[in-house]
Every structure is written in structure tokens, then in C-alpha cells.
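Peer 1: After the C-alpha cells below, expect a handful of questions from me.
Nothing in this text is a laboratory measurement; each read-out follows from the coordinates by a stated rule. This one's a predicted model, so the numbers in the text were calculated from it and none came from an experiment. Here the Cβ positions follow ideal geometry from the backbone for every residue, glycine too, while neighbour counts run over all protein chains shown.
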Amino acid sequence: MTKKYFQSIIGFALLLLVVGTTASIADNDSAVLEDQLQECSLYVPNAFTPGNGDPANDLFELKSNCAHTEYLLRIFDRYGKQVFISKDIKNSWNGTYEGNNLKSGVYVWQAKVSLQRPDGEITVVRKKGTVVLIR
């Protein structure tokens, strides 16, 4: 394998590693190239306990370590009926539908969030999953 070909492979691998992580590589002169990029994460809990007498985990809410520019959260019951929708990340679900407490059980959620890194790059995150409501 030629030296030039090897450097091309390393350069390509670096490009793949740099996206949302810390990457470093040494060249022939032992100089180190580092690129610190903040990775945006979206945290989604898998259970919550509204109205159980303590203030912990009373809301189903999505959290991120980056700013958001767009947000959509939808929650459905086991029959596919939409029981919650929000376009504001500060508007979390409290386990109710039309003012009434919903039963304990598994609910399906879908989220679309545009996250903005400190360098200004925006990443659209689409996730779906389930959450357990425990009363």
C-alpha cells in the first residue's frame, strides 16, 4: 500500500469520525489535528409517573443539550388515537387527555426536532418509541 493511498484512507476515516465527535490523527511530522464538535443529543424517557404524590417524573418531556429551532411531539394511545400534540418543547405531556387522567399503560410517541449546534449547524432528528405512564 502506498503512502499516498494510506493518507487518503486516513483522511476519509477522519471525515467520518469528525461528525459530532472528537477526532484526532497524527501525520508524518507527529502534528495532531483535533476538531472538537459538540454532539447534539435528544433525551427521551421511557416512563413517567404523573400524580403519584412526588414532584419527580410528573411530565413526559424531551430534553436536549442543544438549542432547537423546530419541535413537534405527538403521543398516541394503544388504539392509535392522538392524545397529545405540542409544537413547543416547554409544553410537556402530563398524562391527561382533554383534562382527564389517562390510565396507566404504554403510549406511542413521535418526535421531530431540529437541533442547532453551537457552530450553527442544524440537524433534524426524527424519533419514535413508547413511554410507560405509571399511576
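Peer 1: Taking H placed 1.01 Å from N in the peptide plane, check which residues at least 5 places from His68 or on another chain put their amide H under 5 Å from its amide H.
Peer 2: Residues meeting the amide H criterion: Gln116.
Peer 1: Applying the Karplus parametrisation 6.51 cos²θ - 1.76 cosθ + 1.60 with θ = phi - 60° to the phi angles of segment 104-116, what ³J(HN,Hα) value in whole Hz is obtained for each residue in order, glycine and proline being reported as x?
Peer 2: Result, ordered by residue: 4, x, 9, 10, 9, 10, 9, 9, 9, 10, 9, 9, 10 Hz.
Peer 1: Still on this structure, please answer the following. Which one, Ala47, Tyr71, Tyr107, is farthest towards the positive end of the dipole of segment 42-133 when Lys and Arg carry +1 and Asp and Glu -1 on their Cβ?
Peer 2: Tyr107
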